[in-house]
1. From (1) surrounded by 21 or more Cβ atoms within 10 Å (Cβ to Cβ); (2) touching a His at 6+ places or on another chain (Cβ under 6 Å), pick out the condition that doesn't hold for I126.
2. Within the set of pairs 6 or more residues apart or between chains, which connect a residue that is in contact (Cβ under 8 Å) with a residue 12 or more places away in the chain inside region 212-228 to a residue that is assigned to a loop (DSSP other than H, G, I, E, B) and aliphatic (A, V, I, L, M) with Cβ atoms less than 8 Å apart?
3. Take the conditions in contact with a strand residue (DSSP E or B) (Cβ under 6 Å, 6 or more places away or on another chain), not assigned by TED's automatic domain parsing to the domain that holds L665 and not aromatic (F, W, Y) and apply them to Q122. Does it pass?
4. Condition first: outside the structural domain of S198 (by TED's automatic domain parsing), crowded, with 22+ Cβ neighbours inside 10 Å, over 30 Å from S239 (Cα atoms) and touching an Asp or Glu at 6+ places or on another chain (Cβ under 9 Å). Can you find one or more residues in region 394-409 that meet it?
5. Filter region 103-118 down to residues that are aliphatic (A, V, I, L, M) and farther than 16 Å from S146 by Cβ, then give me how many there are.
6. Taking interchain pairs and intrachain pairs at least six residues apart, which have beta carbon atoms under 9 angstrom, with the first residue in region 692-703 and in the same structural domain as C627 (by TED's automatic domain parsing) and free of Cβ contacts under 8 Å to residues at least 12 places away in the same chain and the second of a type outside the set (V, I, T) and assigned to a strand (DSSP E or B)?
7. Quick one: L684 ticks every box in (1) part of a strand (DSSP E or B); (2) in contact (Cβ under 8 Å) with a residue 60 or more places away in the chain; (3) closer than 24 Å to R600 by Cα except a single one, so which number is it?
8. Look at A383 and say whether it is buried (at least 22 other Cβ atoms within 10 Å of the Cβ), touching a residue at least 24 places away in the same chain (Cβ under 8 Å) and part of a helix (DSSP H, G or I).
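The values are calculated or read from the model by the stated rules, or taken from the named source; none is laboratory data. It should be emphasised that the depicted structure is a prediction, and the values quoted were computed from it without experimental measurement. Positions of Cβ are backbone-derived with ideal geometry, glycine not excepted, and every protein chain shown enters the neighbour counts.
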Amino acid sequence: MPDPPVIPNPTAKEIKIPHFMPFFWIACAFASGLLLADLLKAPVLVWIILSALTLLLWLLPRILSKFWAPARLLLPNSAHPRRLPLIALAAFCFLGALRYQTAQPQITPTHAAYYNYKGLVQLTGIVSAPPDQRDTYTALEVELESLEPLEAGSPLVPPETVHGRILLQVLSGTSHHYGDHISIRGNLQTPPDYGDFSYQDYLARQGIYSLMSYAYVELYEENAGNPILSAIYRLKDHSREVLQQNFPSPESDLLSGILLGDESGLSPQLKSAYQLTGTTHIIAISGFNIAILAGLITSLLNRALGTKWGTLAAILTIGVYTILVGADAAVVRAAIMGIAGAMGTLIGRRQNGLNTLGLAAFVMCIFNPNMPWDISFQLSFFATLGLVTYAPPLQARFLDFLSRYVPEDTAQRLAGPISEYFIFTLVAQALVLPLLAYHFGNFSPLFLLANPLILPPQPLVMILGGIALLGGLLNPALGKALAYLAWPFAAYTNRMVTWLATLPAGKLSISTFSFLWVVLYYLLFFTLTFAKDRKALFKQFLKPATLLLTLSCIVLIVWSLAFSTPDGRLTLTLLPETNSPVLLVETPQGRTILLNGGVRASALNQALGQSLPFGHRQIDVLVIPSCRRDDVIGLGGLPDRVEIKQALWICDPETIQTTRQLYLLLDENDAQQNMFEENAWLDLGNGAKLTMLAVDTNASYLTLEQENFRALLAFGKPETHPWETQTPLSLLVLPGNTKADNIHQADLNHLQVQLVFLPVDAQTLPLSGGLALAELFDDLPLYRTDLFGWLKLSTDGQQLWFNAQYSH
């Protein structure tokens with residue numbers, strides 16, 4: 001979320017352009033040059049000549065006028081001598097074009113991209129950024145030290161002269177860190193295009209032109225990178241672990257996004273909910289976070305160290321925090337503006353919001369000439385521009401409107417919160433609306449309802465979450481205690497967003513919104529009203545709203561603790577977002593058993609976080625019934641998030657590299673690992689048991705029983721089925737990829753199935769085959785996870801209780 005502006009003069013209702021904001025116009029000119037160079041593709045020499053010529057026409061008369069009086073006639077006669085002349089802006093435009101063109105790589109034998117699709121290569125390099133953990137793989141940015149082709153004869157150039165950065169995709173859960181010196185053997189390729197999204201262009205804007213998937217990687221040396229960066233990134237990794245230990249998912253994942261800039265743990269379902277409600281700024285580090293941090297640190301350090309040293313310490317803290325959270329475009333923009341504001345305070349200069357925004361954009365474009373194409377930069381820039389320009393006069397007008405109907409002190413109390421949680425959001429959304437329509441083709445009106453409900457507790461989410469994180473870094477027990485204070489507000493945020501996403505408003509599709517409409521929108525918008533003001537901190541939250549939320553969350557904690565007490569029933573929950581059954585079983589005594597893992601680690605973590613009682617970070621038994629990659633890849637990060645007491649393997653862990661890696665991870669986390677043979681069974685208490693019924697090459701079958709209740713659970717890719725049982729089935733659970741041709745109606749009639757659970761991943765329909773399988777069960781009570789979310793069934797052996805996440 002962009003930085004909320006301070007209102008220095010609430011009676012200033014008019015919008016005016018400042019007389020002096022050189023950095024804003026310089027940034028606009030420089031960015032225009034970047035876009036012009038990308039459009040024209042002119043040689044570097046052309047931009048050198050144009051830059052030199054315009055600089056000469058701008059600077060030479062000013063230099064000569066100091067020594068030769070007639071040269072003053074060449075200077076422009078301007079009523080505003082502090083304004084930049086057009087020739088100066090032209091010079092910065094051509095300098096921007098020159099900067100862009102010189103940054104483009106030359107694809108020669110000395111560049112890594114030259115070896116794309118040219119066979120096996122051996123390369124060495126250093127991991128130059130923190131690993132990007134995804135559901136199905138981990139992405140590593142590698143800065144090359146050498147590259148040698150292994151299939152093209154003798155090298156064209158010495159291996160150590162080949163340079164460039166590549167993106168390396170390794171198995172999820174693999175342990176790699178910033179600064180690792182590694183050797184890699186594999187095949188380089190050009191990043192692909194996906195129709196409406198060009199992954200190739202996306203990576204090229206980051207200076208990456210080559211991709212390598214699942215190569216052979218060998219570690220040479222650790223901590224070969226910058227020692228300061230290594231220390232910062234180790235702190236980030238440790239901080240993430242502390243959050244995962246002290247908070248359940250998805251609250252730990254939300255706080256990782258808010259505090260550490262790491263959104264990778266959030267499931268696709270929850271990310272979609274934030275997108276649908278227009279609240280994605282909540283889960284990303286932004287100017288809002290930097291503003292709170294800068295305000296707190298500056299206030300505390302100024303009191304302890306004085307204004308001078310306190311401000312310098314605050315600037316250093318902001319810089320370290322920017323690196324810690326990943327330094328994406330929105331964060332860097334906010335950090336530069338925060339540092340500029342702090343420096344202005346130190347030297348006694350007032351901050352000009354538009355000028356400071358221009359300075360931030362100018363510095364970012366110098367260091368990264370691809371910045372104008374970064375969507376995060378675009379959204380952050382225009383949202384902040386709207387707040388700095390339009391928010392102050394709009395709040396002043398709103399205050400004036402309220403004062404006509406209520407006493408002035410009441411109007412003052414109402415105007416601030418309403419402006420902060422509604423008017424400011426509306427202004428920011430109005431400025432980014434054309435960009436959202438252009439890039440994503442849709443727009444959700446739910447933000448009008450979501451932001452006033454979500455924003456008030458966000459300062460508490462960040463402050464209390466940050467305090468709990470700091471406490472956990474100092475002492476694990478202290479961190480766990482403080483987590484109880486922060487969790488309700490994070491849980492409220494996730495639950496409210498998830499609920500709002502189910503409302504029927506949905507998204508408005510704007511699929512034909514071209515870039516021309518973006519240009520026309522901004523031309524009209526800024527032609528009608530264009531002005532300035534300064535940005536700063538705003539009031540953190542409303543005390544009445546905070547009190548209400550605190551009381552509500554206390555009730556939520558009490559309920560959560562009450563519901564965590566074992567109820568003597570056997571409970572089975574089918575988790576969503578996968579075609580393979582992922583089941584969480586709670587025994588009558590409260591033990592937890594997880595069967596299977598699925599393909600998305602984030603979805604599994606979120607589902608477990610919502611299903612397990614708060615504070616319960618343990619899986620008593622992990623059953624791995626299939627060694628298919630799509631069934632186990634989601635388990636890659638689980639041992640680091642929850643304690644796994646025992647793992648039962650139905651398949652051979654040596655089957656594929658993914659299962660071998662999982663076996664090692666479980667071993668490193670002291671999980672007891674055993675094989676679960678045919679006809680073996682696990683006593684669950686109160687007469688309940690889990691039995692290994694049968695296993696074949698591609699599938700395995702288990703039964704879950706308690707007195708009159710019997711469930712048949714199939715995993716893997718079933719082709720034949722053990723229908724020999726004479727006992728009627730209370731529940732049948734099949735993978736969504738089961739072939740309907742292998743199941744006959746006579747078999748179903750023989751089994752007398754009462755309920756059928758079918759996991760279907762909505763993101764892979766109709767390719768998953770789940771729909772064809774669903775048609776086979778038309779005459780039975782069939783429940784699909786793509787329609788009902790998670791499915792929960794409880795039994796005492798005599799009766800059944802059924803519940804679902806939602807229904808249509």
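1. (1)
2. Once the first residue is in contact (Cβ under 8 Å) with a residue 12 or more places away in the chain and sits in region 212-228, its partners that are assigned to a loop (DSSP other than H, G, I, E, B) and aliphatic (A, V, I, L, M) give M212/L188.
3. Yes.
4. Scanning region 394-409, I find at least one residue that is outside the structural domain of S198 (by TED's automatic domain parsing), crowded, with 22+ Cβ neighbours inside 10 Å, over 30 Å from S239 (Cα atoms) and touching an Asp or Glu at 6+ places or on another chain (Cβ under 9 Å), so the answer is yes.
5. The total comes to 2.
6. Here the result reads T697/G716, each pair linking region 692-703 to a residue that is of a type outside the set (V, I, T) and assigned to a strand (DSSP E or B).
7. For L684, the failing item is (3).
8. So A383 fits the description; yes.
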